[in-house]
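Everything on this sheet refers to the single structure shown next.
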Amino acid sequence: MKKTLSVLALAAAFAPALAQAEAGDWVVRVRAVDVAPNESSDLGKISGDAGLASAISAGAALTVDNNVIPELDISYYFTKNIAAELILALGTRHDVNITGNTGALGNQNLGSVNMLPPTLTAQWHFMPDQTFDPYLGAGVNYTHSFDHSLNASGVVPIRIDRNMFGFVAQAGFDVNLKDGWLINADVKYVTMNTDVEALVGGAWTKIDDLDINPWVFGIGIGKKF
């Protein structure tokens, strides 16, 4: 992280003939992002209420692992201060695990889910005429799960919602270089909630209300047009 900040600082210091974004400009950015779920799970409580206390203990929870993916975003500047950003990340695949379980199912990997999370934010660039151009943003997220099926011990089918909606908070900055190029660093917090259901006795039964709520940390490059 220190090396990254040093590189950005050097770029800012030696960037001549800068061209900051103005009204009517488009900016395309490409980032590498780390999607880091900040999950909250009620698996032990809800599955117990559903009659699965012998299989899933009260202290059990679902966890979702990190994934690093490429991200493309396209921004349009209504003014030099106000922009809208459409974020088009590739599908992000995450392993899902049961942890903290002393019931019959034990702790195990349930498989993985593949989610596509297009996001739209409105941004306020509060130092638009500077080499260092920080911004804050807020918006909405829609997540579609292409592969939403899991299995416990290869026997009990489990699924999550196919469609999820949430809100997004964003902060970041551009370091403006010459010829319209820029370096970007960005962080987003996405609210993302899904019901988790298991096929029990021939019926789909809710076993968890899972908040995934990922932090999304990104760094990349961009170009103004």
Exercise for review: For Glu39, Glu71, write out the residues from largest to smallest accessible area, computed with a 1.4 angstrom probe and no ligands counted.
Suggested key: Glu39, Glu71
Review point. Could you give the angle, 0 to 90 degrees to the nearest 10, between helix 2-13's Cα long axis and the longest principal axis of the Cα atoms of the chain?
Key: 20 degrees
Revision key, fill the gap. Judged on accessible area alone, 1.4 Å probe, highest first, Leu116, Leu150 line up as Leu116, Leu150
Point to revise | Dipole magnitude (debye, nearest 20) for the chain, charges at Cβ of Lys, Arg, Asp, Glu | key: 440 debye
Review point. Using only the Cα atoms of the chain, what do you get for the radius of gyration and for Dmax, in Å?
Key: 21.1, 69
Review point. Region 22-98: which chymotrypsin sites (Phe, Trp or Tyr not before Pro) are DSSP loop and have at most 16 other beta-carbon atoms within 10 angstrom?
Key: Phe78
Review point. Hey, if we sort Met127, Met192 by accessible area with the 1.4 Å probe, largest down, what's the order?
Key: Met127, Met192
Review point. Along the positive direction of the dipole of region 134-225 (beta-carbon charges: Lys, Arg +1; Asp, Glu -1; about the Cα centre), which of Ile183, Ala169, Phe225 reaches farthest?
Key: Phe225
Exercise for review: Please work out how many pairs of lysine residues in region 123-225 are eight or more positions apart (or on different chains) and have Cα atoms closer than 26 angstrom.
Suggested key: 4
Point to revise | Neighbourhood net charge (14 Å Cβ-Cβ; Lys/Arg +1, Asp/Glu -1) for Thr79 | key: -3
Revision key, fill the gap. Env charge @ Met115, Cβ radius under 14 Å, K,R +1 / D,E -1, value -3
Point to revise | Inter-label distance for Ala203 and Asp65, nm, one decimal - labels placed 7 Å from Cα along Cα-to-Cβ | key: 3.5 nm
Review point. Please state the Cα pair-distance histogram of region 81-141 with 5 angstrom bins from zero: what percent is in each bin?
Key: 4, 15, 14, 12, 11, 10, 9, 9, 7, 5, 3, 1, 0
Exercise for review: Once you have the Cα-Cα distance between Asn81 and Thr99, take 0.36 nm times their residue separation minus that, and quote the gain in nm to one decimal.
Suggested key: 1.9 nm
Check your understanding: Exactly which trypsin sites (Lys or Arg not before Pro) in region 80-170 are in a DSSP loop and have at most 16 other Cβ atoms within 10 Å?
Key -> Lys80, Arg162
Review point. Once the other residues with Cβ under 15 Å from the Cβ of Asn67 are scored (Lys, Arg +1; Asp, Glu -1), what is the net sum?
Key: -3
Exercise for review: Can you tell me what the convex hull of the Cα atoms of region 40-84 projects to on average, as an area in nm²?
Suggested key: 6.3 nm²
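The values are calculated or read from the model by the stated rules, or taken from the named source; none is laboratory data. Given the structure is predicted, the values throughout are model-derived calculations rather than measurements. Counting neighbours? That spans all protein chains shown, and the Cβs are built from the backbone with ideal geometry, glycine included. SASA here: full protein model, heavy atoms, side chains in, ligands and nucleic acids out. Shrake-Rupley method; radii C 1.70, N 1.55, O 1.52, S 1.80 Å.
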